[in-house]
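Have a look at the structure below, then the notes.
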Amino acid sequence: MKKVINYFKTAALAAVLLASSAAYATTGVPVQGSANLKGKALMDKSDCSACHQLEVKVVGPAFKDIAKKYSADKTAVNKLSDKIIKGGAGSWGDIPMAPHPQVSKADASEMVKYILSLAPAGGAKPAAKKS
């Protein structure tokens, strides 16, 4: 019986991962609710939480705020991956983000994909134009 339960758990996990992959492959950005488990695991092992939290600003912006700001940007994965590796300042205020040159481009991209998956459904809405 235990083998049968483990089989179904494995099958369920595979289905979730496959659905997440399909969503990413068609849009370029993970959809709401899809789990980028690799990106989250990489972030959990890193020093990200020293400056960022999921929903509140600490030193740097909250991950959900980053997701909201960049969810409609088709260059976000590349742009934000570079920022993780090289560091930067100015996008969220005067406090610079420290560089993380030890993070590979592939790992940084996985981290960014996870962050972008936190965006609210429908993504960022463009600012209203003033007349």
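Details
- Of the candidates L42, L54, the single residue that is exposed (fewer than 14 other Cβ atoms within 10 Å of the Cβ) and within 12 Å of the chain's Cα centre (by Cα) is L54.
- Qualifying residue in segment 78-101 (condition: in a helix (DSSP H, G or I), β-branched (V, I, T) and modelled with pLDDT under 95): no
- Sole exception among (1) assigned to a loop (DSSP other than H, G, I, E, B); (2) at pLDDT 95 or above for P120, by number: (2)
- Residue within segment 37-52 that is at pLDDT below 90 and more than 14 Å from V112 (Cβ to Cβ) present: yes
- Condition met for K68 (within 24 Å of A121 (Cα to Cα), without any contact (Cβ under 8 Å) to a residue 12 or more places away in the chain and in a helix (DSSP H, G or I)): no
- Test result for S34, surrounded by 14 or more Cβ atoms within 10 Å (Cβ to Cβ) and either over 17 Å from H100 (Cα atoms) or at pLDDT below 95 (or both): yes
The values are calculated or read from the model by the stated rules, or taken from the named source; none is laboratory data. Model, not experiment: these values are computed from the prediction. Virtual Cβ from ideal backbone geometry, glycine too; neighbours counted across all protein chains shown.
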